[in-house]
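Have a look at the structure below, then the notes.
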There are 2 protein chains.
Amino acid sequence: MADVYEALAAHARRAILDELRERNGQTLFEICARLTMKHGLGLSRQAISQHLDVLEGAGLVHTRREGRYKFHHLDTGPLRAIVERWPLPKGKENR
Amino acid sequence: MADVYEALAAHARRAILDELRERNGQTLFEICARLTMKHGLGLSRQAISQHLDVLEGAGLVHTRREGRYKFHHLDTGPLRAIVERWPLPKGKENR
DNA sequence: TTGACAGGCAAGTACACACTTGCATATTGG
DNA sequence: CCAATATGCAAGTGTGTACTTGCCTGTCAA
């Protein structure tokens, strides 16, 4: 299981998280299309699939299989470990 | 200026942040010694120095020069960008 | 069934970066 | 001044990993 920090290290993976935050539960092909269109990333399907594996390994993405579709869901929970490890300065914890 | 995500990607840099959280304002040599002792990392001085440069570039560490000493201070502020970009699930924002 | 669609597996390539080695620069104490 | 301390600079090496290419498996509709 890869750690959260490694998962966040790649620009493409952060873009995927952005995409899932905007529209949760997308399939691999949807993510491919939208990443190419909106974020201007020209990545192959396999590249994105590999990134999704890393994100899932870090617990940032959960998947749900349905027939020939596989839907990807964002889970920001693991990010809490970051701000718990190095607490933020007081004043605005709740945005 | 390197981004926060890249800065957090390396295990050694996270250990340095841990060390600074425990005892703020350390010099390079102090960090070297304590990393070797407590965290069991066998890194050269230059390696740690390079890591500190990255952390400073990401705004996670600020430095203060004083004679031949250079003190390193932790700043967790940039971490806020992470939880603002992908908000945490409701319920426990303030631990 | 056949064909189209959605996804998975595996090996190869290329570049980034973590780490080292060697030398140079500044500050302080004797 | 001289030696020790604390740090900086620069080039080289090697491994990890992001990305590609090629092929295979599974699901649905006609």
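Rule-based calculations on the coordinates, nothing more; no lab input. The structure presented is a predicted model; accordingly, all values stated were derived computationally and were not measured. We place every Cβ from the backbone using ideal geometry, glycine too, and count neighbours over all the protein chains shown.
The table below lists the values:
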{"item": "Choice from B:Arg13, B:Arg80, B:Arg21 showing the highest fluctuation, given a GNM over chain B with Cα pairs closer than 10 Å", "result": "B:Arg80"}
{"item": "Degrees between helix A:45-57 axis and first principal axis of chain A (Cα, 0 to 90, nearest 10)", "result": "40"}
{"item": "In degrees, nearest ten, helix B:11-22 long axis to first principal axis of chain B (Cα)", "result": "90"}
{"item": "Percent breakdown of C-alpha pair distances by 10 Å bin, ordered from the shortest bin, for the protein assembly as shown", "result": "8, 32, 30, 19, 9, 1, 0"}
{"item": "Estimated 222 nm signal from helices in chain A, with DSSP H stretches of n ≥ 4 weighted -39500 (n - 2.57), rounded to 500", "result": "-14000 deg cm²/dmol"}
{"item": "Rg(Cα)/(2.2 N^0.38 Å) for the stretch A:1-74, N = residue count", "result": "0.99"}
{"item": "The stretch A:21-57 versus the stretch B:24-58: alpha-carbon centroid distance in Å", "result": "36"}
{"item": "Highest-fluctuation residue, B:Ala15, B:Ala81, B:Ala33 considered, GNM on chain B with Cα pairs under 10 Å", "result": "B:Ala81"}
{"item": "Shielding by partners - mean other protein chain Cβ count within 10 Å, residues of A:46-54", "result": "0"}
{"item": "Calculated FRET value between A:Lys70 and B:Arg68, using beta carbons and R₀ = 45 Å, to 0.05", "result": "0.15"}
{"item": "Degrees, to the nearest 10: A:28-38 long Cα axis against longest axis of chain A", "result": "70"}
{"item": "Under-5 Å amide H pairs with B:Gln26, H placed in peptide plane, nonlocal only", "result": "B:His72"}
{"item": "Shielding by other protein chains, A:7-19, mean Cβ within 10 Å", "result": "3"}
